[in-house]
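As structure tokens, the structure follows; a few thoughts come after it.
Just so it is clear, none of the values below were taken in a lab; they were calculated from the coordinates. Remember, predicted model here, so these are calculated numbers, not experimental data. Here the Cβ positions follow ideal geometry from the backbone for every residue, glycine too, while neighbour counts run over all protein chains shown.
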Amino acid sequence: MVLDPLKCYMNITSNRSTVHFKDQVVKADTIIPRIGASITFYGAAVLRQFEMAGVYSVNESVAISRSRDKLRAQQLLSRKGIGMPITGYANSPHDTDALIKMVGGAPLVVKLIESTQGNGVVLAETYKAAESVITAFRGLHANFLVQEFIKESGGSDIRCFVVGDKVVAAMKRTAKPGEFRSNLHRGGTAEIVKLRPEERAIAKRAAKAMGLNIAGVDLIRSNHGPLVLEVNSSLGLEGIEKASSKDIASMIISYTEKSAKPGKTKTKGRG
């Protein structure tokens, strides 16, 4: 059964919490969540309701929420010692100069914490441009990160698809001319890529740091090794299946069937 989380509603009652869809109580043993970034809050709430009833979810609500909060995700990756571009975060406008210097100066990337699919991500090529973008985002009361720009990556990144404890597929995405974001829907191209052992290892560590069993880990090659840009909990399959010629969807279902057991959800909706 495929359910639209926005069309589900919940009865939140002591010992009798239920999820309803079209006037029926939903009974499920296992869930493969596919929650879009724009509905994270409500989607996670519905998933949490199932978890509280002991339903197994291949990606738990807590892990999905972690990965969607870019600041929290960066902090978790940092705590686990996982390589990533130098990243800064500040509240006061008086710290703008220090923030820019912290990440190595311009060019640098300014990224909205709520950004997705490359939206809300800006490359500032000069100090004045960086200052202007930061000031504009602050004027909108937006939460954002400032991040080191890895020039040697050449506008390319690598998306690693992790299922369980394995990287089952990977593709190299390259931005179109004049664009630094490599997202396929922005005109980027994809090709199969052979991962280096350290890239395979860091992708698995990043997914584990988020608590995700199914994840897309985006990393870039730098002069000092692979760096993680982002960990995605619900990503599109079309691009990576086409690039790798692998049936990723079947791999996810197979893993879920092997892993699913009633009450196996670790958090049971807590946290």
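Each of LEU140 and LYS27 was given a label point 7 Å from its Cα along the Cα-to-Cβ line. The distance between the two points is 4.8 nm. When every Cα-Cα distance of region 18-177 is counted in 10 angstrom steps from zero, the calculated P(r) takes the values 9, 30, 31, 19, 9, 2 percent.
Listed by chain and number, the aspartates and glutamates placed with their C-alpha closer than 17 angstrom to that of LYS128 are ASP95, ASP97, GLU148; residues fewer than eight positions away on the same chain are left out. If R0 is 22 Å, the Cβ-Cβ spacing of MET1 and SER250 corresponds to a FRET efficiency of close to 0.75.
With 26 Å as the limit on Cα-Cα distance, the pairs of LYS27/LYS204; LYS7/LYS80; LYS80/LYS176; LYS101/LYS166; LYS70/LYS166; LYS172/LYS246 that go past it are LYS27/LYS204; LYS7/LYS80; LYS80/LYS176; LYS101/LYS166.
Based on Cα contacts under 8 Å between residues 6+ apart, region 152-257 shows a relative contact order of 28 percent.
The alpha-carbon of LYS22 sits under 14 angstrom from the alpha-carbons of these aspartates and glutamates, leaving out residues fewer than 8 places away in its chain: ASP4. Here, the chain has an Rg and a Dmax of 19.6, 58 Å when only alpha carbons are counted. Placing pseudo-labels 7 Å out from each Cα toward the beta carbon at ASN91 and THR13 gives an inter-label distance of 4.2 nm. Under the shape rule built on the C-alpha gyration tensor, where the axes satisfy a ≥ b ≥ c, region 152-257 is oblate, since a/c reaches at least 1.5 while a/b does not exceed b/c.
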